[in-house]
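Written out below as structure tokens is the structure these notes cover.
The values are calculated or read from the model by the stated rules, or taken from the named source; none is laboratory data. Treat the numbers as computed from the prediction; the structure is a model and nothing was measured. Reconstructed Cβ throughout: ideal geometry from the backbone, glycine too, with neighbour counts over all protein chains shown.
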Amino acid sequence: MANQPINSQYNNPLVFSFLLADADAAAGLLSVVNNTGVDLIITNCVMNVSTIATGAQTTDVGVAATSILNDTLLDGIDGHSATGTFGAADGGATNAHLQKRWPAGQYLTASTASGASAGMVASLYVTCIPVPAGG
């Protein structure tokens, strides 16, 4: 039948929440591998800053084959100027995408792109849809 779900077990999105670390190395804020066994399509990624960094700081978030700095989801999110929730449209640069495929075995990383994350308390919320085999 046309327009039928490929597999109904993949109709419910997954929502991950991560507390970001306080480290300024590449992927120092977050480095997590997709260990679900299937590719995921990230449909939403937001960073919630509850306490700002003590000095200038920007955050990049992305997906990469290894645990490196990547800005394909969030690019240049200001972690110092204000508390609040920030998404792809809020960064100061142009590399962020609204959606991104997160292949099985690859990494979701968050990095301090500039400045220092000292004092910042922030979380990352990521909504994903599993991609069934052949999908």
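Structure notes:
- Asn70 vs. criteria part of a loop (DSSP other than H, G, I, E, B) and crowded, with 23+ Cβ neighbours inside 10 Å: yes
- Test: residue in region 43-65 that is part of a loop (DSSP other than H, G, I, E, B), free of Cβ contacts under 8 Å to residues at least 60 places away in the same chain and touching a helix residue (DSSP H, G or I) at 6+ places or on another chain (Cβ under 7 Å): no
- Selection status of Leu19, touching a helix residue (DSSP H, G or I) at 6+ places or on another chain (Cβ under 6 Å) and aliphatic (A, V, I, L, M): no
- Residue among Leu98, Leu108 that is within 16 Å of the chain's Cα centre (by Cα), over 21 Å from Ser31 (Cβ atoms) and among the hydrophobic types (A, V, I, L, M, F, W, C): Leu98
- Note on region 88-135: enclosed strands (runs of 3 or more DSSP E) holding 2 or more residues that are more than 15 Å from Gly62 (Cβ to Cβ) and at pLDDT 85 or above are 107-115, 121-130.
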